[in-house]
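Asks: To start, I am sharing the structure in question, which I have written as structure tokens.
Every number in this text was worked out from the coordinates using simple rules, so none of it is lab data. Values in this document were obtained by computation on a predicted structure and should not be read as measured data. Every residue, glycine as well, gets a Cβ built from its backbone with ideal geometry; the counts of neighbours run over all protein chains shown.
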Amino acid sequence: MYLLRCPEGHEIPVAASAAGGTVVCPVCGQSQLVPTLGELRRLPEARAAGDARGERTTSVGARIAFAVLMFVALGAAASATFAAFRWQSLPIPMTVEDHIAGSQEVMGELTAAQLVDVWQMHEQHNPTTRTPYPYQLLADERAHWRAICFGSLAVVVVSILLGVVIISLGKSRRPAADT
């Protein structure tokens, strides 16, 4: 598009395909002869509609912050994936309820003398030092990996949301260039 001036001085945007024809000024309504293509190309070019208003651009700082947040989201997604695999791969062979039921079953089959021996063995054990059973340790480790998985997923969501907000707030209008 090229800028042609009508007799009143108004600018008329003209396409190259209109060379040799006539156009009507949108402001004053006067007809204007469009020059040949060679002469038309010597005229100044019309700015696009986006250029006239000024284009929306994203600031460099907003782009850098967005990139950093997306890398954080990517790292957190990798962490969540690893934690999810660890969480699901740890077996829990027994629960506390299973342990109590099994102990009751075994105790029910013991004689009185054997129960006294078990009681004496427990009495010799120091009650202040509590050591968890192996299945409890596995359950704790499994809960730990589950917490890491969901915490990492939360970081992914928050990073993406913050990135979108930063990009949308970082957009500004670039002033139109004067020609």
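Asks: Using θ = phi - 60° and the Karplus relation 6.51 cos²θ - 1.76 cosθ + 1.60, list the HN-Hα couplings for the range 82-95 in order, rounded to whole Hz, with x at every Gly or Pro.
Replies: Taking θ as phi minus 60°, the curve returns 4, 5, 5, 5, 5, 4, 7, 8, 7, x, 10, x, 7, 10 Hz for the range 82-95.
Asks: Can you sort V23, V60 from fewest to most other Cβ atoms within 10 Å of each residue's own Cβ?
Replies: Fewest-to-most Cβ neighbours within 10 Å comes out as V60, V23.
Asks: Right, something else. Going by how many other Cβ atoms sit within 10 Å of their own, how do T58, T95, T22 line up, fewest first?
Replies: Listed from fewest to most nearby Cβ atoms, that is T22, T95, T58.
Asks: Can you tell me the relative contact order of the chain? Whole percent, Cα pairs under 8 Å, sequence separation 6 or more.
Replies: Over the chain, the number comes to 32 percent.
Asks: Given H placed on each backbone N at 1.01 Å, which residues far from V34 in sequence or on other chains put an amide H within less than 5 Å of it?
Replies: Here the answer is G20, G21, T22, V23, since their amide H atoms fall under 5 Å of that of V34.
Asks: Let me ask another. Average the reciprocal distances over every distinct pair of alpha-carbons in the chain, invert the result, and give the Kirkwood radius in Å.
Replies: Answer for the chain: a Kirkwood hydrodynamic radius of 24.7 Å.
Asks: On to the next question. By how many degrees, 0 to 90 and rounded to 10, does the Cα axis of helix 134-169 deviate from the longest principal axis of the chain?
Replies: 10
Asks: What order do you get for S17, S152, S79, S59 when you list them from fewest to most C-beta neighbours inside 10 Å?
Replies: Going from least to most buried by this count: S17, S59, S79, S152.
Asks: Putting +1 on Lys and Arg Cβ atoms and -1 on Asp and Glu Cβ atoms, find which of T22, H144, G75 reaches farthest to the positive end of the dipole of the chain.
Replies: Comparing the listed Cα positions along the dipole, T22 ranks first.
Asks: Using unit Cβ charges (K, R positive; D, E negative) and no other charged atoms, how large, in debye to the nearest 20, is the dipole of the chain about its Cα centre?
Replies: That gives the chain a dipole magnitude of about 1360 debye.
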